[in-house]
Amino acid sequence: MLLTHDLDFGELLAASGGKLPSVIIFRLKDMRADNVNSHLFKILEKQSSALEKGVVCSVTERKVRIRELPIDN
């Protein structure tokens, strides 16, 4: 699993057609470690099975968007 705030990782993985690793992209206004960790723990708790299969997960303050890999364009 890859944790990032750089959108390029999700795009590269989608372009590759790969199923792994899962990528969690944090698009938070507050990127302090305690805030990121709070969101991360919630995602791990609720989405662990999806993360094991391979997803791109985009995280904002309001929502979490999950797209299964490989992503069809």
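Throughout, read-outs are computed from the coordinates displayed, never taken from laboratory work. Since this is a predicted model, take the numbers as computed values, not measurements.
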Fill in the blank from the handout: Fraction of alpha-carbon pairs in region 2-68 farther than 20 Å apart, rounded to whole percent, equals 21
Handout entry: DSSP beta bridge pairing in region 2-68, given as percent antiparallel to the nearest 5
Key = 40
